[in-house]
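The values are calculated or read from the model by the stated rules, or taken from the named source; none is laboratory data. Because the structure is a prediction, the values reported are computed rather than measured. Please note: Cβ atoms are built from the backbone with ideal geometry, for glycine as well, and neighbour counts cover all protein chains shown. These area figures cover heavy atoms from the full protein model, side chains too; ligands, DNA and RNA do not enter into them. Shrake-Rupley method; radii C 1.70, N 1.55, O 1.52, S 1.80 Å.
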Amino acid sequence: MERIFGKPLIPQREIEKRVKELGTKITADYEGKELVMICVLKGAYVFFADLVRNIHVPLSVDFMMVSSYGARANSSGVVKIISDLSTTIKGKDVLLVEDIVDSGLTLSYLYRTIKSKKPKSLKLCALLDKVERRKYDLPIDYVGFAVPNKFVIGYGLDYRDNYRNLPYIAVLDISDVELLGRK
Ligand code: 5GP
């Protein structure tokens, strides 16, 4: 199974431990505040679902779906909002949750877009950070793990919409996938 689904990079137990730590920190930081957590779909949904259950302040959730073109394809860097927020965030304390920050294009675009809706505060949380790939500078308040410059899958992250259900994070060996004739 592991040969097919890439080389495990972060085991399930380590993810669980780190998500718990992040939840504890976020709980302390948002004590007495009205928290709105925004999940960036699709990649962050597994992390998001685990994270909210480790945060112990009253909170509401909302979702945005985006697709990014540019950073990885070396074109102009365009982020398209496929599905926008369904609630008003004006005057609220907002925490935006992303799966992985690569160039930073997606998150910096979302940061500006959400900031323009005038929340009381806006912080960023990412499960994974490919630090060495960063092109767009932005403050990430909560980071799960720094990862090397490899394509990773699992725990919500996909390769062509597959592998999101893996309970761990793995480095995808594209040649394995092609060999097996999978998408
Ligand atoms: P950025 O805009 O920071 O360059 O890229 C962020 C987005 O690219 C993420 O939300 C994710 O959808 C995708 N991405 C970047 N690196 C990876 C990776 O290693 N694996 C997967 N599955 N998606 C990635």
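By its C-alpha gyration tensor, with a ≥ b ≥ c as the square roots of the eigenvalues, how is region 84-134 shaped: rounded for a/c under 1.5, else prolate for a/b larger than b/c, else oblate? Intermediate values should be presented prior to the final figure.
Details: a/c = 2.49, a/b = 2.21, b/c = 1.13.
Prolate, because a/c is 1.5 or more and a/b exceeds b/c.
Taking the Cα centre as origin and putting +1 on Lys and Arg beta-carbons and -1 on Asp and Glu beta-carbons, what dipole magnitude results for region 83-149, to the nearest 20 debye? Each step should come with its number before you reach the end.
Details: 12 positive and 9 negative charges, 87 e Å.
The dipole magnitude comes to about 420 debye.
Nearest 500 deg cm²/dmol is fine: what mean residue ellipticity at 222 nm does the chain get from its DSSP H runs of n ≥ 4 alone, each adding -39,500 (n - 2.57), divided by its residue count? Let's see the in-between values first.
On the way: 4 runs with 44 residues, N = 183.
After summing the helix terms and dividing by residue count, I get -7500 deg cm²/dmol.
Among the listed pairs K25/K150; K33/K130; K42/K150; K90/K130; K80/K150; K20/K130, which are separated by more than 26 Å between their Cα atoms?
Where the Cα-Cα span goes over 26 Å, the pairs concerned are K25/K150; K33/K130; K90/K130.
Taking +1 at the Cβ of each Lys and Arg and -1 at the Cβ of each Asp and Glu, which of I169, G154, I26 sits farthest along the dipole of the chain towards its positive end, judged by Cα position relative to the Cα centre?
I26
Amide H of F63 versus every other amide H placed in the peptide plane: which residues, excluding those fewer than 5 positions away on the same chain, fall under 5 Å?
So F63 has HN proximity to C39, S86.
Give me the base-10 log of I(q)/I(0) for the chain at each q in 0.09, 0.10, 0.17 Å⁻¹, Debye formula, one uniform scatterer per Cα, rounded to two decimals.
-0.32, -0.39, -1.12
How high is the relative contact order of the chain, in percent, with contacts defined as C-alpha pairs under 8 Å that are six or more residues apart? Display every interim value, and only then the final one.
On the way: 348 pairs, mean separation 43.4, N = 183.
Across the chain, relative contact order equals 24 percent.
What ranking, highest mean first, results for peptides 91-104, 25-38 when packing means the other Cβ atoms within 10 Å averaged over each residue?
Details: 91-104: 21.4, 25-38: 16.7.
Highest to lowest by the protection proxy: 91-104, 25-38.
For the chain, what is the accessible area per residue in Å² when the probe is 1.4 Å?
Dividing the accessible area of the chain by its residue count gives 53 Å².
Expressed as an acute angle from 0 to 90° and rounded to the nearest 10, what is the orientation of the C-alpha long axis of helix 12-29 relative to the principal long axis of the chain?
Helix 12-29 and the main axis of the chain meet at about 10 degrees.
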